[in-house]
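To start, the structure itself, in structure tokens.
Just so it is clear, none of the values below were taken in a lab; they were calculated from the coordinates. Bear in mind the structure is a predicted one, so any value in this text is a computation, not a measurement. Using ideal geometry, Cβ is built from the backbone for each residue, glycine included, and neighbour counts are taken over all protein chains shown.
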Amino acid sequence: MLVDLIADTEPGNVSRETLGLAKAGLAALIKKGHESEDWSFPEDLLSIITDLVNEHDRQLRECRMSAIVAATEHLERRLARAGCMEEVLQARRNSEKK
């Protein structure tokens, strides 16, 4: 989520499609984990998450600190309102479809 929020204000190296796949995959993983206690990551999701971790590392080195702080505060507010990451991921995916 932070990679996506920072990318809203700072240029990035990850496509919106990749971000969408990551959010959908993480939401599905969280749902599956809650329902079945199976928290294993599918191989394709691990590949996407690896790309996002690398992008976030780049963002931490190259982006303005104010963009990182603003994104972190935004995510904290959304989590406080939603109550869980699954709801935040779902809300973000729904807003992107509009």
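When the helices (runs of 4 or more DSSP H) confined to the stretch 1-74 are screened for residues that are farther than 20 Å from residue 86 by Cα, those reaching at least 2 such residues are found at 43-62. Which of the residues spanning the stretch 13-24 are touching a residue at least 40 places away in the same chain (Cβ under 8 Å) and crowded, with 18+ Cβ neighbours inside 10 Å? Across the stretch 13-24, the qualifying residues are 14, 23. Scanning the stretch 52-64 for residues that are surrounded by 12 or more Cβ atoms within 10 Å (Cβ to Cβ) and within 12 Å of the chain's Cα centre (by Cα) gives 52, 55, 56. Cβ separations smaller than 6 Å between residues 6+ apart or across chains give the following pairs from the stretch 25-54 residues that are within 15 Å of residue 14 (Cα to Cα) and in contact (Cβ under 8 Å) with a residue 40 or more places away in the chain to residues that are surrounded by 12 or more Cβ atoms within 10 Å (Cβ to Cβ) and of a type in the set (A, V, I, L, M, F, W, C): 52/3; 52/22.
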